[in-house]
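Visitor: The structure follows.
Throughout, read-outs are computed from the coordinates displayed, never taken from laboratory work. Remember, predicted model here, so these are calculated numbers, not experimental data. As a convention, Cβ positions derive from the backbone with ideal geometry for all residues, glycine included, and neighbour counts pool all protein chains shown.
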Number of protein chains: 2
Amino acid sequence: MSRPAEISQEELIAVATLVTARLGPAATSIAAVSKAAGIPTGSIYYRLPSRDALLAEIWLSAAERFQALALEKFRAARSLDEAAEAALVTPRFAREQHAAAVVLNSHRREEFLRAGVPEAYRARAAKLAAEMRDGIAAIAERLLPGDPRAKEIIAVALIGIPLGAVRVFLPQAVPPMEIDAAIEAAVRAALGAQ
Amino acid sequence: MSRPAEISQEELIAVATLVTARLGPAATSIAAVSKAAGIPTGSIYYRLPSRDALLAEIWLSAAERFQALALEKFRAARSLDEAAEAALVTPRFAREQHAAAVVLNSHRREEFLRAGVPEAYRARAAKLAAEMRDGIAAIAERLLPGDPRAKEIIAVALIGIPLGAVRVFLPQAVPPMEIDAAIEAAVRAALGAQ
DNA sequence: ACAGTATTAGAATATATATTCTAAATAATA
DNA sequence: TATTATTTAGAATATATATTCTAATACTGT
């Protein structure tokens, strides 16, 4: 019934994610994205209301993918050892979805979810944050019952440490397989250290 | 002999560092910095040739301070246990120099050292990078002799892991004291894991 | 074939902000 | 007290880029 789009919304976000991984969110201009996607600047405004919305989509699509993987693994862990193994989801994600990992790991969330972003995006971000908070709390209760600092320890061990290890190699390279053993050992030690 | 400046170059960089820690490098405009410093926009150009130079100064001053502390500690470590203790320089720096830690830890170096930055800044950054690379190599040779992956392990353990742990709390908060034990245990485990 | 519609295409406009410029102000020195 | 160098002060200009607008296009269903 109408002229077909050169590129779907999903493909557009994927291209924009690559641009952001290479140049950073500040340099992710409408012109840069439209050039990378091979479509005119005006066309982007048929998919998204503003540049702020584009940046929010880039971050949210990366975060939703990573978080779904991570929480699934974390929820399945029945022991500290299994939790340490689950923490390897982070280096694996960085290998398989490099650009998304750079977006999440080498930049601040605030650079993508800016002040003027439409409420719908804000709601998606709030839902993600609540899910992660609840997930952390549940694991803390299950694996470190009675520990008053359990949530901080879990967040540091399962999120902070693997992310930091991976970040040594991002954004230029991919984390080598050899560091996974170090990450797993480190996470296990952090979980057992309180 | 002349009208005195309202603010010294060091104070200007300190104010700009606070602005960047709060708003990020992209929002660190000349107007935002001059407003925070209480001086007119034009005055900033008497100290620095451009906004790119300002951003470079912000990053370099933070990085030089952190790296001097970190390399001193790392060089003094004579065992894996001492190295693990030395890694606590990262959470301590985050507590004592919060804004500088946010600049270094919550943003990419490339956002500060941009394409158009004068060569002098580029040279300072290159010197820092070389010093860190040499420092890591020396520690790797000393503490993990013969290990082909020693440099990666040392970088992940002494830099990546503590930075990642601290980043769970930045930029809003300061890392609580309680996580230092987890960091030290994690670093020790990562060092001993190959 | 034709009408209808979403999209392309890219120029025009608006806006934000980096940078430059002119004049006035300030303090040390002669 | 007059001179001089430096900085303040903030307006003017330049530039980059987000957003809007008009027209042309390409496909689908009738």
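Visitor: Modelled label-to-label distance, B:ARG22 and A:GLN172, 7 Å Cα→beta-carbon offset: nm?
Guide: A separation of 3.5 nm, rounded to one decimal place.
Visitor: With +1 assigned to the C-beta of every Lys and Arg and -1 to the C-beta of every Asp and Glu, and no other charges, what is the dipole magnitude of the range A:1-86 about the Cα centre in debye, to the nearest 20? Could you put the intermediate results ahead of the total?
Guide: Values: 9 positive and 10 negative charges, 59 e Å.
So the magnitude is around 280 debye.
Visitor: Rg and Dmax of the range A:126-194 over Cα atoms: what are they, in angstrom?
Guide: Both quantities, over Cα of the range A:126-194: 13.6, 42 Å.
Visitor: Follow-up. Relative to the longest principal axis of chain B, what angle (0 to 90°, nearest 10) does the C-alpha long axis of helix B:119-143 take?
Guide: With both axes taken from Cα atoms, the answer is about 10 degrees.
Visitor: Can you tell me the 0 to 90 degree angle between the C-alpha axis of helix B:9-23 and the longest principal axis of chain B, rounded to 10?
Guide: 70
Visitor: Once you charge only the Cβ atoms, +1 for Lys and Arg and -1 for Asp and Glu, what is the size of the charge dipole of the protein assembly as shown about its Cα centre, to the nearest 20 debye? Write down the numbers at each step before the final one.
Guide: Values: 46 positive and 44 negative charges, 165 e Å.
For this selection, approximately 800 debye.
Visitor: Then there is this: Using only Cα atoms, what is the ratio of the radius of gyration of chain A to 2.2 N^0.38 Å? Intermediate values should be presented prior to the final figure.
Guide: Working: Rg = 18.5 Å, N = 194, 2.2 N^0.38 = 16.3 Å.
Computed over Cα atoms of chain A, the ratio equals 1.14.
Visitor: I've got another one for you. Among A:HIS98, A:ALA165, A:ALA76, which residue has its Cα furthest toward the positive end of the charge dipole of chain A, with +1 on Lys/Arg Cβ and -1 on Asp/Glu Cβ?
Guide: With unit charges placed on the Cβ atoms, the residue in question is A:HIS98.
Visitor: Sticking with this structure for a sec: About its Cα centre, what dipole magnitude does the range A:39-194 give when the only charges are +1 on Lys and Arg Cβ and -1 on Asp and Glu Cβ, stated in debye to the nearest 20?
Guide: Details: 20 positive and 19 negative charges, 76 e Å.
Dipole magnitude for the range A:39-194 comes out near 360 debye.
Visitor: Once R0 is set to 45 Å, what does the formula 1/(1 + (r/R0)^6) return for the Cβ-Cβ distance between A:ALA76 and B:ILE7, expressed as a FRET efficiency to the nearest 0.05? Let's see the in-between values first.
Guide: On the way: r = 56 Å, r/R0 = 1.24.
The calculated FRET efficiency here is 0.20.
Visitor: Calculate how steeply helix A:51-76 sits against the longest principal axis of the alpha-carbon atoms of chain A, using the helix alpha-carbon long axis, and give the answer as 0 to 90 degrees to the nearest 10.
Guide: The angle comes out at about 30 degrees.
Visitor: While we're here: If you take the alpha carbon radius of gyration of the protein assembly as shown and divide it by 2.2 N^0.38 Å, what ratio comes out, to two decimals? Present the calculation step by step, with values, prior to reporting the outcome.
Guide: Numbers: Rg = 21.8 Å, N = 388, 2.2 N^0.38 = 21.2 Å.
My calculation over the Cα atoms of the protein assembly as shown gives 1.03.
Visitor: Another question about this same structure. What is the count of Lys pairs in the protein assembly as shown whose alpha carbons sit under 26 Å apart, if the two are 8 or more places apart or on different chains?
Guide: On the way: A:LYS73/A:LYS127; A:LYS73/A:LYS151; A:LYS127/A:LYS151; B:LYS73/B:LYS127; B:LYS73/B:LYS151; B:LYS127/B:LYS151.
Close lysine pairs found across the protein assembly as shown: 6.
Visitor: Convert each backbone phi in the range A:180-192 into a coupling constant with the Karplus relation 6.51 cos²θ - 1.76 cosθ + 1.60 (shift: θ = phi - 60°), then list the ³J(HN,Hα) values in order as whole Hz, x for Gly and Pro.
Guide: 4, 4, 5, 4, 4, 5, 5, 5, 4, 5, 5, 5, x
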